[in-house]
Structure formats: structure tokens, C-alpha cells
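Beneath this line is the structure, given in C-alpha cells, with notes to follow.
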Protein chains: 2
Amino acid sequence: MPNPLTPLSAAANGLMHRRLFLKAGAGLVGGSALLTAQPAAATRAAWMKAPGRPMSRYGAPSEYESSVGRIGFGVSQPGTTGSGASRTPLEYLNGVITPSGLHFERHHSGVPDIDPDQYQLLIHGLVERPLKFNLESLVRYPMVTRTQFLECSGNSRALLNRTAAPLGCGEIHGLVSASEWTGVPLSILLDEAGVTTQGRWLVAEGGDAAMMSRSVPLAKAFDDALVALYQNGERLRPENGYPARLFLPGYEGNMSIKWLRRIAVTARPAMTRDETSKYTDLQPDGTARMFTFDMAVKSVITSPSPGLVLHQPGLYQISGIAWSGRGKIARVEVSADSGKSWAEAALDEPVMSKCLTRFRAAWRWDGGPTSLMSRAIDEAGKVQPARAAYLEDNGPSTSYHCNMIQAWHVASNGDVTNVYV
Amino acid sequence: MPNPLTPLSAAANGLMHRRLFLKAGAGLVGGSALLTAQPAAATRAAWMKAPGRPMSRYGAPSEYESSVGRIGFGVSQPGTTGSGASRTPLEYLNGVITPSGLHFERHHSGVPDIDPDQYQLLIHGLVERPLKFNLESLVRYPMVTRTQFLECSGNSRALLNRTAAPLGCGEIHGLVSASEWTGVPLSILLDEAGVTTQGRWLVAEGGDAAMMSRSVPLAKAFDDALVALYQNGERLRPENGYPARLFLPGYEGNMSIKWLRRIAVTARPAMTRDETSKYTDLQPDGTARMFTFDMAVKSVITSPSPGLVLHQPGLYQISGIAWSGRGKIARVEVSADSGKSWAEAALDEPVMSKCLTRFRAAWRWDGGPTSLMSRAIDEAGKVQPARAAYLEDNGPSTSYHCNMIQAWHVASNGDVTNVYV
């Protein structure tokens, strides 16, 4: 029998056309017995022979999924409490939303226990009317809802290692997550306070023991900044800034100050400890860029990825996430032959600005060794760079904002590993 | 000082124009000191004086939000275990996504404990090749992600009471939730099995002890039905069908068979116990409609709603959710004078088909008693009916698919209650 999928070939080594993922294209694979489903009759399993457990107050994942948790959550920086990071296990997730319980964490002095009845947000500095808001007043302002990503500027740093470390997708790239954020546009609160003509920047300060502080251009504050109060439908989780955080779509994550207690309008950036001792990019000439706000265009294949073994040749779905701090993802391309040929992936709709976008491609693995790669292009036309090009542009001292293309090697035995190609 | 908001009036009794929620309109309220924020200086709270708690494996809501849980979760039907319903506390949520832990539940014999390694899905009946799928084979098929609502056909039934019961928003309307669902289009699996020319319907059967079963037209199966494997990014929660459920966008919730074990392709509907003893609509002439699949166009104001007291006159945000089983929400109108005048609400983007849509309107409460109402119009042109019109159309025996307009009474003391107007 001729292989009915041949007309759908989109690039070398088994990549198939994204029409496979469009409604009209579903019939194209009909009758091809893509996989090894077995004929059989129905049997009655043990769990059908007695009533199950009753309703619950607040649900939790299945106990069979107990291996899915944040990566590295138990490790604080030496001599500190709650200072460090935990990562989202991207390889176990699908879709766009990150479950709030699995959103990555990056704390500079742990998660403060803030009583919402005592919470206050001060807006002062170069304003006509310094104002203090409590939660009851904040929730009466107009709110908006947006689904957007948050990424730590140190994400994917492991790819800067000289040799490819034996790490998984979440271990390397798990400092990015996406949530539905609901809050009050910061512009409305700044208008209430009345920014004076001298105001050009603001300094946002957190209510944690580290008083994490960052300078933000006022233009961003009046563009799409939120004082976020809700995450994925419910009040913010403690580790994401309960009861209120700044949210700066597309900007490096640490600028979205959690547990937001104070916004001072200023004429110049404050050059705080957190934006000078860290989070600056050392360039090839040894000088540092003063600020790098936008997170660059990026993508990663989450499946297949290390830990997910391909047990036999045949059809697989290549799936991953793409994002850009500069707007929408325009296109994602996938290679199944180590970067020699590329096929356009299907994107799940709706594609949202400054949000994770799920891409999908069908791949018929022939059982031979190869490497899988993805590269994203955003609506600004920026293209995710290959590793060599990234290193050449950014020099040996680069440490933040790593957006190079990830390659996953698939061995003949189906094992998947991190490689440099 | 003249009220700077007068030019934004959109309907009687303080409703303001939805321009307030558009970016360009934010400046319109500038300098008006909309609320009672207080000038003050920053102080250092107790939680800033010591490091907070460390990272965690799988996060949970703040303990200060412990009052937010599913409503009625502790009550099973007499003589049964786990047979009943729990409701989403809509009045505590914002945005579109329902946190998975708060998704409503409706079980007919509790939540089965299904071992994913033993899970199987059988597709048989009028097909060329009866097939059995396990989880490992299912996840290799092409998947899609969509954010859509699920609503129990018995939702909002409390509004059929002769007198308005003293209930809250979640108690009355909490059998609706929205999730990001990811799964394999059912059409692809049916194509694998090869539906014969006699096939017109399917019967879907659950793997719970009740073997919940419903007949579904094949046209729906080939349109937008999913075998859902992921909910809000992670594997399905047990109470939502772990490890796999049918998901029929826009159809009454019980048809989206949880713990899906079997799909039989048939020539006619099976007239199962679950679609004859329940879930049929008695009409005014005493006969029953055979099937009512689509959930009708509907909306409800979640804030203000009972339990949320208005402590003083002034600006409030009216916010709620609207949805339709027939497609996108085209418009939501809000009344602050018991239905005499209506203003168009702002809709959070993107508006998605068969999904909850968050609407928002600004309202300046003058402190007097009144009733707040919302009505939704969908892209098919269907308009949510007033209570009297709904009862006239549906007769005294109606029990499912209640989509009448909800009115919340605001008393002079700020108390909010369920009323019929």
C-alpha cells in the first residue's frame, strides 16, 4: 500500500504539513491506521464496580500525576531562606496556560505572608496627589484581563555551558510560564495621582524582605502595565505576589514586582541594587547594556524532549511553545534534520500578544538518529537565532536573555537528549 | 466642581460609557479622584522584617483566601456516595478561566480512581475497524487547544422558584466554568476507525460506576468534539474525567462524558437512561423535547452580587460573564435601573467562541435602591430573555436550560440580594 501521507510531506526526514492540524485536513489521514490502536471488546474495570469519591472543596491533580511538580523547588541559595528559583515542568504540560501551582518562582527573600486587610499600595514622588490604596479601593477600579507570559531573564542560561548538559526541557527553559492576569491598568492609578511634567520613570518596590526594586519607564506604565490582582481566575497565588503585583507584559520577569507596596514617580531610573548588581547584559567589549527590558523572540519543543522516550518509529506530534516580548508570534518553523530543512508549524488560536503560543507539527520518525529544532519569528520580524550566531552576537560573558535555538537529539533507541548542533 | 464623568454617561442611574475601559479612555477619568485613596507615607510591615517561606512543589491559594471553595461540595444525594454537584464560587473570581480546583462538579456516582496505565478507550459499532486506544497512543495524535465553557443543563434552576430565594451568584449560577482544554479531535479517531455509511450517531459511555451514557450526533463529533487530555495546561483533574473525557463545546455539560471508556457508532440515538429520565425539557403542552443540546445565550453579573456589600456611594465596576453554546458573544448590555435603560458593556478580548466572555461596566452608585441586570446577545442574534418571557415560552414544568436575566437588588445600605423584577 502506498503511504497515504506522502502528499503531506513538508520538510525532510518525516515532517508533515500543518494542514494535518486544520479541521478540513483531518480527513486526509483517514484509513491510514496512523498508530497501533488494537481491536478489542470492552471490559469492566475495578473502578466501575463501586461508587467513587465524593465532591471536594478545592480540587487537586490526580495522585497518578504526583511526579509533576516544580523543578528545583527545594533549593535556596546558600545561607538564605526562600531565595532562589523553581521551574515549570514544561515537558508535562500542554496548551498555553500554566497551572498556577506550577508557575515558576523566583524570590529574593522568600514568599512574604501579607495580610490583605493590612495591604497598602503607595503612589508618590513626582505626582500632584500622593495616594495610598487598600485592596477594597483597588478592586473598585476598572480592570482588564489578559493572558500573557512571564519569563525570568536568566531562563535557558544552561545553554551557555560550553558542553550540552544532560538536562530536560523544564530544567533548561522552565523559568517561563503563562497566566490569565486580571488587574487595574496602572495608567488609571497614575492618572488618579496626577504625574507631574517632570515624571519620566517610576521605581516599583516589593513588600518582601528584599524590597525588590526596579525602575520602569513611564511610557511602559501608561502602555500596558497592570496592577494584577487575579491569576487564572482567582486571587494571585502567594508566590506570584499576593495580594497585588506589578505586571509588565513582555518585560523581563523580575521587573513585574511582586507584593507591590510602592510606586515612586521619578525623573530618572533609580539604579537600584537589583538592576545594577544583576540583570544587566555584559557585552563582547566588556561594557554592560544599561537595561534590556523586552524578552526576545524564542521557542522550545516541549515534546519530544528529554525524559519522553520514543518507543517505536511512526507518527509523533512535535509540540512546543513560542513567545516574544515584542508582540505576537508570526510563525514557528520546525526541523527534523538538525536544521537543514524547516517546515512551518500549526499555531493554536487565538495567537495573543506577549503570550505563549502553542505550536504543533506532525512527524513520522523513521527510527534513525536526528535532531529536532524549532525557531520562532515574531510580528516585529525578529528571528530566533541559532546557537553559534547568538554566541557571536552576545560574547562570552553573556548571562541573561538567552534565546538561542534548542536542539533535542533523538537516538535510534528513542532516547531524547540536549545537544548543540 | 462639575462631575467630570457626566459626559461619559451611557444609561440612567449612573451607568458610564464603556470607553472607560478602552486604553485611550483611561485619561478621561484623570484627576477626578474617583475613589477614596488616602495620602500617606510608606511604613514597613511585619512581613518585610524577616525572610518569607521558600519555594514549593505545587502551589496553593493564600490561606487568606480559604473562604473561597466550591459551594455545596459536601452534599451527596440521599443514599448515594459522590452523586451530586458542587458549584464554582463565581462571585470570588475574575477573568475567564476557572481555576481547575474550583471547576464545578456533577457526578452520577462519584469520582472513579482510574489507573492511567490501565486506561483504554474503545471505538466500535458501525465502523470498519473497531479500535482500542491507550493513553500512550492517544497522546501521539494531533492535538488542539481551546478555551471554552462547560455548563450543567440544570444550572440557574433556582430562578424557577416561585419567589426569589436568598441565594448568591455561585449558588444560583455556579454550574458553569471555563477551562483551556487540550485534546485530540474526535474526528481523527473516528477516521482511524472508519465510520460506515450507516453511522449517524454515537453513544459515549463513561468509566464511572454509573456508566453515564449519552447519544451524540455524528455531525457534532466531526465538527468540534475533542477527546480532552489536558485542562488548564496539566492533565485533566480527576473530577473532570482523568485521564480522558469527551468535550462537546457549547453542549449541555453532561454530554461531555467524563472518564470516557467507549464510543459506539450507531444509526440512531440510544435513548439511554441518562437522556430520558433526566435532561429533557417538559414543554407547556406537557410533551418533552427529545433533545436540547446547545446551551442558550446567557449572562450574569458576578460583582456586585450577594455577599459583596457596597459600603458607600461612588464608583463601582459592574463585572460579569456571558456565554452562548452557539458561538461568540456579540454584545452584553447592563441596566442599573431595573431594566428601564441599558448601556453596552466592554468585553475583555479576545472574545472566543463557546467560551465565557468577561464584561465590564462602570457605575456611579448614588446610594439609592435599584436593581442591576445584564443581558447577552450572541453572534447568532439570540437575546437572553427576561424572566417573564422565559416562563411564558417554557411553561411551568421547565427544569433545564434556564437562561433568564438575573436581577440583583442593591439596597440603600449596600446589601445585594436576588430579586425578580
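Taken together, the values in this text are just the output of simple stated rules run on the coordinates, not laboratory data. Nothing here was measured: the structure is a model prediction, and the numbers come from that model. Positions of Cβ are backbone-derived with ideal geometry, glycine not excepted, and every protein chain shown enters the neighbour counts.
Quick notes on this structure:
- Longest to shortest principal axis, alpha-carbon extents of the range B:298-419, angstrom: 40, 38, 24
- Loop-located GluC sites (Glu not before Pro) in the range A:87-141 (DSSP state other than H, G, I, E, B) with a sparse environment of at most 11 neighbouring Cβ atoms within 10 Å: A:Glu128.
- Each Lys and Arg Cβ is given +1 and each Asp and Glu Cβ -1; about its Cα centre, the protein assembly as shown then shows a dipole of about 140 debye.
- Fully extended contour minus Cα-Cα distance, from A:Ala46 to A:Gln77, at 0.36 nm per residue: 6.5 nm
- Prolate is the label for the range B:245-292. Its Cα gyration tensor axes, ordered a ≥ b ≥ c, give a/c of at least 1.5 and a/b above b/c.
- The fraction of all Cα pairs in the protein assembly as shown landing in successive 20 Å bins from 0 to the largest distance is 15, 47, 33, 5, 0, given as whole percents.
- If you model the range B:284-323 as an ellipsoid using its alpha carbon gyration tensor, with each semi-axis the square root of five times an eigenvalue, the axes come out at 37, 12, 7 Å, biggest first.
- Summed residue charge, Cβ within 11 Å of A:Arg129's Cβ, Lys/Arg positive, Asp/Glu negative: -2
- Evaluated with a Cβ-only charge set (Lys, Arg +1; Asp, Glu -1), chain A carries a dipole of roughly 420 debye about its Cα centre, given to the nearest 20.
- Multiplying each eigenvalue of the alpha-carbon gyration tensor of the range B:111-247 by 5 and taking the square root yields semi-axes of 31, 18, 14 Å, largest first, rounded to whole angstroms.
- Rounded if a/c under 1.5, otherwise prolate or oblate - chain B, Cα gyration tensor axes: prolate
- Dividing the radius of gyration of the alpha carbons in the range A:179-291 by their Kirkwood radius gives 0.99 for Rg/Rh.
- Straight Cα distances below 17 angstrom link A:Lys298 to the lysines A:Lys328, A:Lys354, A:Lys382, with same-chain residues fewer than 8 positions distant left out.
- Shielding by other protein chains, A:111-119, mean Cβ within 10 Å: 5
- Highest-MSF residue in chain A out of A:Thr357, A:Thr197, A:Thr272 [GNM, Cα springs under 10 Å]: A:Thr197
- Proximal charge balance of A:Glu205 [Cβ under 13 Å; K/R count +1, D/E count -1]: +4
- Chain A: relative contact order as a whole-number percent, Cα under 8 Å and 6+ apart: 18 percent
- Percent RCO, i.e. relative contact order, over the range B:298-419, from Cα pairs under 8 Å lying at least 6 residues apart: 33 percent
- Simple rule: put +1 on each Lys or Arg Cβ and -1 on each Asp or Glu Cβ in chain B, find the dipole, and look at B:Gly59, B:Ser374, B:Ser76; the Cα lying farthest toward the positive end is B:Gly59.
- Between the range A:103-150 and the range A:265-339, the Cα center-to-center distance that results, in Å: 27 Å
- For chain A, the residue among A:Ser100, A:Ala345, A:Cys402 whose Cα projects farthest onto the positive side of the dipole built from Cβ charges is A:Ala345.
- Based on Cα contacts under 8 Å between residues 6+ apart, the range B:219-298 shows a relative contact order of 21 percent.
- The residues packed around A:Ala45, meaning those with a beta-carbon under 9 Å from its beta-carbon, carry a net charge of +2 if Lys and Arg are +1 and Asp and Glu are -1.
- The 3J(HN,Hα) values that the Karplus relation (6.51, -1.76, 1.60; θ = phi - 60°) gives for the range B:413-421 are, in residue order, 7, x, 6, 10, 9, 6, 9, 9, 10 Hz. Gly and Pro appear as x.
- Each Lys and Arg contributes +1 and each Asp and Glu -1, all at the Cβ; summed about the Cα centre of the range B:298-419, the dipole is approximately 240 debye.
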